[in-house]
Each structure stands twice: as C-alpha cells, then as structure tokens.
1. In the set 87, 20, 48, which member is touching a strand residue (DSSP E or B) at 6+ places or on another chain (Cβ under 8 Å) and more than 19 Å from residue 134 (Cβ to Cβ)?
2. Based on this model, can you work out whether residue 32 counts as under 11 Å from the mean Cα position of the chain (by Cα) and under 20 Å from residue 109 (Cβ atoms)?
3. Considering each of 137, 122 in turn, give the residue that is surrounded by 12 or more Cβ atoms within 10 Å (Cβ to Cβ) and not in a strand (DSSP E or B).
C-alpha cells in the first residue's frame, strides 16, 4: 500500500474515487508542514496539460498546488495501491506539469508518517498563496459538495498546529 497525501480536490473521497475508480482506504486528516497552499490558473499551467484542461474546463480552470514555504496544509492520507498511484500520476501529468514527491505529514494522533503527494515544480508560476488550513477543496464548482464534519476536522487540525508551532 502507498500513502497518498491528498489536498485540494483530493481532500474529498469522491475525487479520489473518480480517478482510481474505487473508494480508497484511509482518509485520515493530516497536516503537511513547511509547505504553503497555492492556486494556479490554467494560463500558468504547462502547455500540454493546460491545453487539455482548457478543453475540459474552459479558461476559468484553477487548481491547488503545494510549494515549500513556511506554512501548513490540511489534507487527508489515503491508502492506495502502486497501480492506483500510477493512475494518479498519469492523471496529473507527472513529469511535465506536476511531480510526485515523498513528504512527511502529521496525523491527527500526532504521529508523523511518510506519504506521496503531487505538486508543481518549484519554478512554476502561481497566482496566489491561500490559507492551507481553511480552504474550500473545490475551486471548480461543478459538482461541489461541502466536506463532511468540516468544523470538527478544522478544530482538531488547529489544535495540532498550535502544538507543533509552540514546540
């Protein structure tokens, strides 16, 4: 099994199901430390992926990404197979637009685990940095649904953040 740290659209189980074609195991709330959550517009996306995204979503498409920086990003750890990771990599244009990297995340029980996540390359253009702890996972509103137990998750993650930053 592979641990995949999903943020943004991959925070929601339905998005992971859409890509790997089955409900993933896990879904543990987690924090990615020393990264910031950024938004990228379709015009800032590498040409091959950007062109395909424009065809499917139009000129208003936006996506989240993470970049190294002083911050925290709320996400979930999903347990998927190696084959499903390959599907995610293909879906996210691994090697051209996005890269998959091993990161360390803090789970709700404060244990630190390794996980794989996707992000743009460090030199990629972004439009802005947003609050990685309090964001709507769906930038593109088609089919948007509020995540379950949002307030409980946010409260617990803020408590963990306070402990991490006070040490």
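Laboratory data are not the source of any read-out in this text; all were calculated from the coordinates shown. Note that this is a predicted model, so its numbers are computed, not measured. Cβ: placed from backbone, ideal geometry, glycine included. Neighbour counts: every protein chain shown.
1. 20
2. yes
3. Answer to the selection: 137.
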